[in-house]
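What follows draws every value from the coordinates through simple rules; no lab data is involved. Since the structure is predicted, the reported quantities are computational estimates derived from the model, not experimental observations. Don't worry about glycine lacking a Cβ; one is built from the backbone with ideal geometry, like all the others, and counts go over all protein chains shown.
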Amino acid sequence: MTTIQPNDGDFKNLRSQDRPAEPSADLFVPQPLDSTVREELAAPAPTFWKEAWERLFKNKGAVVSLVLLIILSAMSLIGPSMNEFTYREQHIPHSNLPPKVAGLEWLGFDGKDVNGVDQYTQRGVETNYWFGTDEFGRDLWTRVWKGTQISLFIALVAAFLDLVIGVIYGGISAYYGGRIDNFMQRIIEILTGIPNLIVIILFILILEPGIRSIILAMIITGWVGMARVVRGQMLQLKGQEFVLASRTLGASDSRLMRKHLLPNVMGPIIVTVMFTIPTAIFFEAFLSFIGLGLQAPLASLGVLIEDGYDAIRSFPYKLLIPAVVISLVMICFNLLADGLRDALDPKMRK
Amino acid sequence: MTHELKEQHTTNAGQDDLLVVSDLKKHFRLNRKTVLKAVDGISFSIKKGETLGLVGESGCGKSTVGRTLTRIYEPTDGEVHFDGLKLKGRLDGKTKKRINRDVQMIFQDPYSSLNPRMTVSEIISEGLVIHNPDMSQKDREKRVHELLLLVGLNKNHAGRYPHEFSGGQRQRIGIARALAVEPKFIVADEPIAALDVSIQAQIVNLLKELQEERGLTYLFIAHDLSMVKYISDRIAVMYLGKIVELAGSEALYEKPLHPYTQALLSAIPLPDPEKERTREQIVLTGDVPSPTDIPSGCRFRTRCPFAMDSCAVIDPEFREVEPGHSVACHLYDAEIMAKEGKELKTV
Amino acid sequence: MDNHILEVNNLHVSFKTRNGEVPAVRGVNFSLKKGETLAIVGESGFGKSVTAKSIMQLLPKQNTIIPEGEILYEGKDLLKFSKKEIQNVRGSDISMVFQDPMTSLNPTMKIGKQIMEGLSRHMSLTKKQARERAKEMLELVGIPNTEARLDAYPHQFSGGMRQRVVIAIALACNPKVLIADEPTTALDVTIQAQILRLMRGLQEKMDTAIVLITHDLGVVANMADRVAVMYAGEVVEQGTLDEIFYSPQHPYTLGLLRSMPNLDAPRTEPLIPIPGSPPDPASLGTGCPFAARCPYTMKVCHDHNPDYTAVSGTQAVRCWLQDERTPEEHVPEVIRKGRQTSEIAADQAAIDAAGGVPV
């Protein structure tokens, strides 16, 4: 320490420009913090789920979709009983009436057909059919909401069964690994190898067409996606040290599954389910559209679209209304699922 | 119960040895052709209350040793005597349960070793739930609070989730979890490798205190040789699935015999500029061979500066060359050195 | 000033997060001379890497704010450079080696091509010349059989070999500054020794200045000429290698050195850890960031952050212990020594200011 030369290059730049006010001299007294304060935590950080909710609610698209879905589901439950008609009651004299709502004439709900003739006054119909009627005079309002109800029901049940089968299958496959995993994965490969449209069509041809056979047909191959997601996630988790720690403590298989593995794959599972639902709705509609779906007089959105398609030129409202509803349902589910994925993805956490 | 078990499996282990491992092997079959020999026949013993350090570079099999001893992996071959129990092949339920209690593990990564969806209290009490299912909720809570205090946290932390804690605090929670079931033997698998320098000493001191208070026995796995030397009574050096040298920690540092140990020690950069400027470093050439394709003879010969013809043919025997100091190297074998026509390395 | 190739003045970097702005770097100052190695030491999350990345402007634009500060490379402020200008600096004048050799190479591109990429961009070499130079670089970093290796893919190399390739890429254009962010942390000790030796050798040959970012004081002792110690986004102390290791003036530096086991010391001597945990950068107050963990905390430390005090011509520290108002008996032995030298330095400065004639 003999050569001390405060050389201008080294320190000229050290002093900060924004030096705070000089502290007073009486502050120079020892005041150590006691050791308990050192281990103090900040205010409780939100739990994973709470934080995920918060993130979801910041996503405008997801929130709007959630609200719309709630409205649509509510309508599917109460809509059919909002007027005196039932979905199957035929009233031939009132066939093919365009939609008419008092007060909403400016929106096109004016009871006029494609030629601009008001069918209600021409045929002397007193009651207003909000969404019009079909060729048998059945009220389309009732049928659309009934159809939404059935479509949602089919989709939810199919998604739920996919979930159950997929989680169990994927979980077992990943957890036990080795030969069991190998065998179970080969089965999945065979199942995905067969075009699923063929499987479904064969299935429906063998069983009687109806809600039950459509659901069965959809889950026969539908669970594969969920099983793969669950297996992939579980394989990753299985090697994590907290799972090993639990194993060194002698935790049973079911405890490991319940406490350590499943809670940590819930996020991806929820997201996958949310993406399965719109796919199922679409698939049901598609089956109905090609004539393999529900049989009259039952209505689903697919059946209504198919009916409307036949009369697209003369009675466009028959196609338009159920098409708008099914589009809304699918877009909302997809947006919500997207929002959930962003909210639950651990990679997004900081 | 313990008494009966002791009678059933009378062991030939020494009086004060808690753990005796003989010829332990763990191989992983990767596919039809390749077998990864992670641990390939190692033997050592650990006395009650002792710390054995296990060092080596990544991929040498040191973590696999720890996981085999805690029975996360089933050993491929070999025998382990633990506290009067003879462990060989598949364990019956009773023995397994005892091992799950008496042998615990502290993990490397404080971020992945705690379940993010469980509270600290749930994490620490897991062992209690498994092993003392009759314990009342209140007693369990009390025990969790005791354990938290023991590792330097406090009871306010019990209801929090892991992501609210820092790395060092998380590692303490991991230690509390291991201690909850009152184990006799703890495998610490690189418990400080992922921590900041200023925190490492906290954890090492805590482990040492706990050992003194509770007479714990440790297997301390690490790649940081300076910390290992500090905490261990004896140190085993592993290379490619085998122990190449085992000695008391002072002896190993003062007089490393195996060329690998010598290189390893000289490769640690010392936090002392003066020493760094003056000392001679042995820098090994090349990389560690793959454990799926282990060289013939001595495993270290491909990187050894002293490799001879015999090294490629004969696998050196792991022998005690002076009391308490064993090494697996031909340089200390009179017979082989005579055959090679070279001078025997003196110990 | 002309001897400083890189100078960082009062650099602040913050990140926008959901919970508001979080400061990562809070006023960092350092400078680098030609051919010297400056080590930036500190623990994870203390802004070492952020500092390095902000020099290269590799931080994501959308959530990074640099409210003040300047980064002078040969006297020009890199922060004011356009995207194009900075791209010309990157790789040719300043280049960077990252921590993880497994992810810092493109797995789908041949090694040779990855080295040549920078060469043809910055040095306008023909393909043939670039290939020649790439071969030379591989030889330089000690990779045998270069001709064949040029056409190999990264997965055919081991970790140590990959880091050699990364260094070859970084040095291919003869950069004046090399920023090495934890270059050996992911490697085993025997490989680390190889890489450190290689970097020292290359530095001598090419006269490159190195900013070495690491948490390993052993690596620092092995490589550095000067050291800057970072804590919570600030450089709390800087000085020459020997000053930092043998006469540390900041309690944090002191604590770091004391908490490391000494290979020569007997095992019975307990380690002295730094109590507590590193602070959360989002909740730092106006005081000294180390106050909560410091054994010498005073009342002043909790609300006032000290400024730099020059302890010698080359060592400076941010600590209230250096203040003359601190009671003598509160200053620990090691630091008192520093105070004396600082007084000498102040005297010396006064003498210089008075025209070099002692009054």
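Could you tell me which residue out of C:G91, A:L336, A:L294 lies farthest along the dipole of the protein assembly as shown toward its positive end? Charges go on the beta carbon: Lys and Arg +1, Asp and Glu -1, centred on the Cα centre.
Going by the charge dipole, the pick is A:L294.
Cα centroid distance between the stretch C:167-246 and the stretch B:192-236, in Å?
Each part's Cα centre sits 28 Å from the other's.
If R0 is 41 Å, what FRET efficiency do you get for C:K128 and B:A312 from their C-beta distance, rounded to 0.05?
Efficiency computed from Cβ-Cβ geometry: 0.45.
Using a Gaussian network model of chain B with C-alpha springs under 10 Å, which one of B:G174, B:G84, B:G297 is most mobile by mean-square fluctuation?
Result for chain B, Cα springs under 10 Å: B:G297 fluctuates most.
Could you work out the helix-only [θ] at 222 nm for chain C, with each DSSP H run of four or more residues adding -39,500 (n - 2.57) and the total divided by the number of residues, to the nearest 500 deg cm²/dmol?
About -10500 deg cm²/dmol.
How much of the DSSP bridge set in chain C is antiparallel, in percent, rounded to the nearest 5?
Roughly 60 percent of the beta bridges in chain C run antiparallel, per DSSP.
Once all Cα-Cα distances of the stretch C:104-172 are split into 10 Å bins that start at 0, what whole-number percent is in each one?
24, 61, 15, 0
Which value in nm describes the separation of the simple spin-label points at C:N262 and C:T286, placed 7 Å from the Cα toward the beta carbon?
So the two model labels end up 4.1 nm from each other.
Specify the angular offset, from 0 to 90 degrees and rounded to the nearest 10, of the alpha carbon long axis of helix B:93-102 from the longest principal axis of the alpha carbons in chain B.
That works out to roughly 90 degrees.
Using Stokes-Einstein with the Kirkwood hydrodynamic radius over Cα pairs, what translational diffusion coefficient do you get for the protein assembly as shown at 20 °C and a viscosity of 1.002 mPa s, in µm²/s rounded to a whole number?
Estimated diffusion coefficient is 63 µm²/s.
Please arrange C:C288, B:C298 by counting, for each residue, the other beta carbons lying within 10 Å of its beta carbon, fewest first.
Ordered by Cβ neighbours within 10 Å, fewest first: B:C298, C:C288.
Over chain C, what is the relative contact order in percent, taking alpha-carbon pairs closer than 8 angstrom and at least six residues apart?
18
Only bridges whose two residues both fall in the protein assembly as shown count here: according to DSSP, what percent of them are antiparallel, nearest 5?
Around 65 percent of the beta bridges assigned by DSSP in the protein assembly as shown are antiparallel ones.
Taking θ = phi - 60°, what integer Hz values does the Karplus form 6.51 cos²θ - 1.76 cosθ + 1.60 yield along the stretch C:87-97, in sequence order, with x for Gly and Pro?
3J(HN,Hα) across the stretch C:87-97, in whole Hz: 5, 6, 6, 4, x, 9, 9, 10, 9, 9, 10.
What number, rounded to the nearest 500 deg cm²/dmol, is the helix-based mean residue ellipticity at 222 nm of chain B, given -39500 (n - 2.57) per DSSP H run of at least four residues and division by all its residues?
For chain B, the value works out to -10000 deg cm²/dmol.
Give or take rounding to whole Å, what are the principal axis extents of the alpha carbon atoms in the stretch C:7-101, in descending order?
Ordered largest first, the stretch C:7-101 gives principal extents of 41, 30, 30 Å.
Could you list, in their original order, any pairs among B:K142/B:K208; B:K62/B:K342; C:K76/C:K110; B:K37/C:K113 whose Cα atoms are separated by more than 26 Å?
B:K62/B:K342; C:K76/C:K110; B:K37/C:K113
Which of these, B:G248, B:G215, B:G324, has the largest mean-square fluctuation under a Gaussian network model of chain B (Cα springs below 10 Å)?
B:G324
Mind pulling the angle between the C-alpha long axis of helix B:167-179 and the longest principal axis of chain B? Nearest 10 degrees, somewhere in 0 to 90.
Compared with the principal axis, the helix lies near 80 degrees.
Determine the relative contact order of the stretch C:104-172: mean sequence separation of Cα pairs under 8 Å and six or more apart, normalised by residue count, in whole percent.
47
Can you sort C:R164, A:R258 so the residue with the fewest Cβ neighbours within 10 Å comes first?
A:R258, C:R164
Let a ≥ b ≥ c be the square roots of the eigenvalues of the Cα gyration tensor of chain C; is it rounded (a/c under 1.5), or, if not, prolate (a/b larger than b/c) or oblate?
In terms of gyration-tensor shape, prolate.
Using Cα atoms only, what is the angle between the long axis of helix B:197-214 and the major principal axis of chain B, expressed in degrees (0 to 90) to the nearest 10?
Taking Cα atoms only, the helix is inclined about 70 degrees.
Placing +1 at every Lys and Arg Cβ and -1 at every Asp and Glu Cβ, with all other atoms neutral, what dipole size does the protein assembly as shown have around its Cα centre, in debye to the nearest 20?
Using Cβ point charges on Lys, Arg, Asp and Glu, the protein assembly as shown gives about 2620 debye.
Order of A:W141, A:W130 from fewest to most other C-beta atoms within 10 Å?
A:W130, A:W141
If Lys and Arg each add +1 and Asp and Glu each add -1, what is the summed charge of the other residues whose beta carbon sits under 12 Å from the beta carbon of C:I244?
Neighbour charge sum, excluding C:I244 itself: -4.
Would you tell me the mean number of C-beta atoms belonging to other protein chains that fall within 10 Å of each C-beta in C:272-283, as a whole number?
That works out to 6 on average.
Pairs of Cα atoms under 8 Å, at least six residues apart: use those to get the relative contact order of the stretch B:257-347, whole percent.
21
Please check: in the Gaussian network model of chain B (C-alpha springs, under 10 Å), which one of B:N31, B:N132, B:N205 has the largest mean-square fluctuation.
Fluctuation is largest for B:N31.
Are there DSSP H segments in chain C that both extend 20 Å or more along their axis (alpha-carbon positions) and score a mean Kyte-Doolittle hydropathy of at least 0.0? List them, or say none.
C:189-206
Quote the convex hull volume per residue of the stretch C:75-207, based on C-alpha atoms, as a whole number of Å³.
114
How large is ³J(HN,Hα) for each residue in the stretch B:285-293, as worked out from phi by the Karplus curve 6.51 cos²θ - 1.76 cosθ + 1.60 (θ = phi - 60°), to whole Hz, x for Gly and Pro?
Going residue by residue, I get 9, x, 10, 5, x, 6, x, 8, 9 Hz, with x marking Gly and Pro.
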